[in-house]
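Take a look at the structure below.
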Amino acid sequence: LLKVMRIYLPQENVHNRKSSHCLCLLQIMLVSPQAERNWESLCSVLEEVLEEQSHRQLFGLELGSGTGQHVIRFAQKIPFVTWQPSDIKQESRDSIKAYIAATNAKTVLQPVHLDASEPWEKWAGLHNNSCDVIIAINLLQYSSFKTIPFTADTSGSAGQLLKQNGLLMTYGVYAINGIITPSCNERLDAELRQLNPDWGLPDIDVLRQLAYGSGLRMERMVGP
Ligand SMILES: C[S@@+](CC[C@H](N)C(=O)[O-])C[C@H]1O[C@@H](n2cnc3c(N)ncnc32)[C@H](O)[C@@H]1O
C-alpha cells in the first residue's frame with residue numbers, strides 16, 4: 001500500500017496564513033493500486049444489480065473496507081446507497097475517514113470497527129434486516145471457512161443482516177470445485193496458507209453450500 005498524506009489546516013489558519021501557530025491534522029489516505037484497478041468493474045456490477053431499486057435510498061455495508069477507495073467511488077457513482085464502511089484495523093478506518101473528509105462524501109458514514117469473524121450481534125450495533133446490500137472485496141481469502149460471515153459459526157451474519165431480497169456480493173480469487181487456476185493463484189493460495197493455515201482461496205462450491213445453510217442463494221458469478 002502506498003500512503004498519501006493530506007494536510008488539513010484549521011479554517012482560521014487558512015485565512016491567516018501568516019499565523020505562526022498552526023495546528024496541522026495529518027490524515028493518511030492509503031492507496032491500494034489493486035483497488036484503483038478494480039473499482040470500476042466492481043462498481044458497474046453493483047450499479048447493474050441495484051439499478052431497479054434506485055427509486056429509494058438503500059443501505060449498504062462494506063466489510064473489510066481497507067483503504068476506503070472502493071466505498072468512496074461507489075458513493076460517487078451510486079448516490080442512492082448510503083454506505084457504512086467498516087474494518088477491523090484502526091489504520092484502515094483512519095484512511096477511510098481521510099477519504100470521506102477529502103471528498104466531502106455525504107452518503108458514506110464514518111467507518112466502524114467490525115470483525116467479520118464475530119457473530120452479527122457484535123457487528124457495530126447493526127440491526128437484523130437492516131442492509132439492502134453487503135459487500136466484501138478481497139476479504140474471504142483472509143478468513144477461515146469457520147469465520148466467513150455467512151457460516152453457521154457466525155450465525156450466518158450476512159443472512160441475518162440482509163433484508164429479504166438483499167444482496168451479498170463478494171469479490172476475490174476463488175477455487176472452483178477444488179481447482180485453482182492459473183498458477184499465480186495457486187502460489188497466492190500457498191502464500192496465504194503459510195501466513196495462516198486457516199486462510200486461502202475459498203472454494204465457490206463450499207461457499208454456495210454454506211450460504212444456502214444461512215438462507216442465501218448463490219445467484220450469479222461474474223468473471224472468468
Ligand atoms: C486484502 S484487504 C482488502 C481491502 C479492500 N476491501 C480492498 O479490496 O482494497 C483485507 C481487509 O480486510 C480487513 N480484515 C481482515 N480480517 C478482517 C475481519 N475479520 N473483519 C473485518 N475486516 C477484516 C483488513 O484489515 C483489510 O483492510
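Remarks
- Residue in the range 102-109 that is touching a Leu at 6+ places or on another chain (Cβ under 9 Å) and not in a loop (DSSP other than H, G, I, E, B) present: no
- Identity of the residue in the range 59-83, farther than 20 Å from LYS163 by Cα and of a type in the set (Val, Ile, Thr), that ends up surrounded by the fewest Cβ atoms within 10 Å (Cβ to Cβ): ILE72
- Any hit, the range 130-145, residues being at pLDDT 90 or above, at negative phi, among the charged types (D, E, K, R) and not in a helix (DSSP H, G or I): yes
- Here is the figure for the range 35-72: residues that are more than 12 Å from the chain's Cα centre (by Cα) and of a type outside the set (A, V, I, L, M, F, W, C) total 15.
- Residues that are closer than 16 Å to ASN138 by Cβ, assigned to a loop (DSSP other than H, G, I, E, B) and touching a strand residue (DSSP E or B) at 6+ places or on another chain (Cβ under 7 Å) do occur in the range 186-201, at least one of them.
The values are calculated or read from the model by the stated rules, or taken from the named source; none is laboratory data. Model, not experiment: these values are computed from the prediction. Cβ coordinates were reconstructed from backbone atoms using ideal geometry, including for glycine residues, and neighbour counts include every protein chain displayed.
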